[in-house]
Each structure stands twice: as C-alpha cells, then as structure tokens.
1. Enter the Cα centre distance for the pair segment 289-308 and segment 123-189, rounded to the nearest angstrom.
2. Angle check, please: helix 99-110 long axis (alpha carbons) against the longest principal axis of the chain (alpha carbons), in degrees 0 to 90, nearest 10.
3. Over all directions, what mean area does the Cα convex hull of segment 37-182 project, stated in square nanometres?
4. Which angle from 0 to 90°, rounded to the nearest 10, does the C-alpha axis of helix 14-26 make with the longest principal axis of the chain?
5. For T70, T321, what's the largest-to-smallest order of accessible area, 1.4 Å probe?
6. With charges only on Cβ, +1 for K and R and -1 for D and E, what is the dipole size of the chain about its Cα centre, in debye, rounded to 20?
7. Mind pulling up the Rg/Rh value for segment 192-338? Radius of gyration and Kirkwood radius, both on Cα.
8. If you project the alpha carbons of segment 72-111 onto their three principal axes, what span does each projection cover, largest first, in Å?
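The values are calculated or read from the model by the stated rules, or taken from the named source; none is laboratory data. Everything quoted here is computed from the prediction, not taken from an experiment. Glycine gets a Cβ as well: all are built from the backbone with ideal geometry, and neighbour counts include every protein chain shown. To get the accessible areas, we keep the full protein, side chains included, count just its heavy atoms, and leave off ligands, DNA and RNA. Shrake-Rupley method; radii C 1.70, N 1.55, O 1.52, S 1.80 Å.
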Amino acid sequence: MIYFDFAATTPLDKDAAEVYLKVATEYYGNASSLHDIGGQSSALLDNCREELAQILGVDKKGLFFTSGATEGNFLALEALLSAPLKKGNHIIAGMAEHSSIHGELRRLEKAGYEITLLPFDGPGLIDIQKLANEIKPETILVAVQHVNSEIGTIQPVEAVAEICKAHQIHFHSDCVQAFGKMDLKSITPLVSSISFSGHKIYGPKGIGGVYINPRIHWDPFFPGGSHESGFRPGTVNVPAIAGMTVAAQKIIGQISSNHDTFTLLRNTFIEALTPIKDRVVVYGTDEAESQLPNIIGLRISGIEGQWMMLECNRLGFAISTGSACQIGMQSPAKVTQALRLSTEEAKQFIRISFGKSTTVEEVLQLAKSIVKIVQEF
C-alpha cells in the first residue's frame, strides 16, 4: 500500500529508532533520581531540551515535554489562563483548530468562559480584521494554529501576535503541522506559547512539547507534580524525547529541499487531475507564503469522501477524510465548517498528504486512480 496520510502520522525514522532503543536500554534511570544512573538520564534530558530550544529559537527554561500535542494544547491553554495579562473571560479561537483545542474550549465554556470562533475566508485563512473586530475588553486569550492540518494553509500568526500584544492578550499557536516544515524561529518570540509533536516529524509517538514564554508565571494544572517544573506529572519519557530530538535535527536540515520536492509533487498531482478538473475543488491558496505544499485538501463533487477513501484503499492507496482525531469522533473535518461548506460538500472532503518518501511516480498513480474512480462512478 502507498501511504498518503503523512499529516496524520509518519513512520519512525531509523536513526530516531536506534537512539530510542539505545536510551531505553542504556539510560533507563529516572531523570529525577539522585543516583548516578538517574543523573545520566537527567544530563541527556537537559541536552535534548537545549537542542530543541535552539531549533525553536527559545529559552530552554520555557520548554516542557508532554505526551503529545493534544495534551500540550490543553496544558498550554490552562497555563495561560492561570496567568492572564488582565481580567476577563473571553477567548477567541479559529473554527478550524485541532479537536484538542475545541475539547478544551467546550470545557472552558462550561466553566463560564465566553468563546468566539473565527471562520476562514475563501483561501482558508483567518481574517485579521474579523479577529480585531471580535476583541473585547474581556478578551484574555487567542488560539490560532500556525498551519491547518487539513488544507495546509499557513495562518497569519505574525499579524495575530501584533493584535494580541496591542490588547494585552495571550496568544497560543498550535505548531504541530508547521514544526519540521518551517523555521519557527521567527514565530516563537511573538507568542505566549506553542505546542508541537514528535510523530509528525518521523519521531516516536506519545511525545511532544510545549513552549511557554518564561516571563509568564503560570500555575500548574496538576497539583503536586515535580517533573517538568510541575508542568506535567509523571516520569519523563527520556527515550522518546531523545528520538524526537534526533528526528527534529534531521528534518530541520531538510526543510528547504523537502519544500521544493513537495511543491513539485503538489503541482504534479493537481495537474494529473485535469481530466476531472471541473468536478474538483482544491482548498487553500496559490500564495506560496501562505500554503504548505505537502497537504492537499479537496473535494470531488458528487462523490462522498468516505467512499473515495475506501475505493483508494481498495486500490492500494492510503488517504484520509481529514484529521485522524476528528475522524475518530465521526464528525466532519473542522476545516469544512470554517470554510462554511454545506453538509453535502463537507461529506465530499478528502485529504492527501506527502512525506519525504513520496515519489512523483506514486503521486501520478494516485491521481490516475482517482480520475478512473470518478469516471467510472
């Protein structure tokens, strides 16, 4: 089977796997233990934190490891709300945020917070003017993802950060899809917090991280924890952190070449759909600075995405109908709501995403198969 669902997860890099195994078997001590074996793990953990902090362009004192971005998003929002820059109870977020953000927002709404969700404009971007118009004196937090996981649009986080700074509002950005595909050093100084994940960059599953500006004096959500400065309880997963660090080191050095390859693959795929182009709607933007090329979100009029996914699976291609977390909830991709698609249009949505092993030949095979499926439908 040919894999086209890299936005959901990636295979573990061989070097990352070797490091994971080595650390798990040779540096097995609890990093919080005071004996020498624990000290070895602690030193390795600190080295990984320092390396990832350099990659992100942040102070390592604000970098904390989590079980992944889902937990990271939750804990980041809770941390920021524990230390607001002013009094208030209003939160603004993108309508197309990851389900982990929406889950926390629903909890916060029940706790008395007022939530405003922002849709996308036509190309799939947050409308900065609408964001500015929704701000109230009580607005204390804005959450806008850096890259949308379902159509790959790059949100104008610099402009969002500027508005937040002017109104004394914390800004959290989910950087899961951006990490490893873009240099985040220009973004991290502008935000209050970000989240990222290891398994999107060929690292292990079950590991990720959060950066919170060290100037923010947050309160821990879980009381009494000593690990990760109290940010998250539980024994730190040093082997997975080491594996994620190796994966990050490798992919950061490949950002430019990967981008060029993904652009070629994207153009090749879309061009190969020409025989059915009047039935295909590709979401996103043609502006290169606002679009990651490795994610293609589209719909084919008259054909449900679930059926197309199953037909592709039958022919040996793994594609998806959106975020894996959202699929598990049996509800339409959040981006279809943000784009204001009708119920029928939302059901037609599919996502194709490329990875570093994807070839032009594989892309052409997939496109030709989709064309054949549509013509035979």
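1. Value for the Cα centre distance between the two parts: 23 Å.
2. Roughly 60 degrees, rounded to the nearest 10.
3. For the Cα atoms of segment 37-182, the hull's average projected area reads 9.7 nm².
4. With rounding to tens, the tilt is 30 degrees.
5. Values: T70 75, T321 30 Å².
Heavy-atom accessible area, descending, gives T70, T321.
6. Values: 32 positive and 40 negative charges, 72 e Å.
Result for the chain is approximately 340 debye, rounded to the nearest 20.
7. On the way: Rg = 19.9 Å, Rh = 19.0 Å.
Across segment 192-338, the Cα-based Rg/Rh ratio is 1.05.
8. Between the extreme Cα coordinates on each principal axis of segment 72-111 lie 26, 19, 17 Å.
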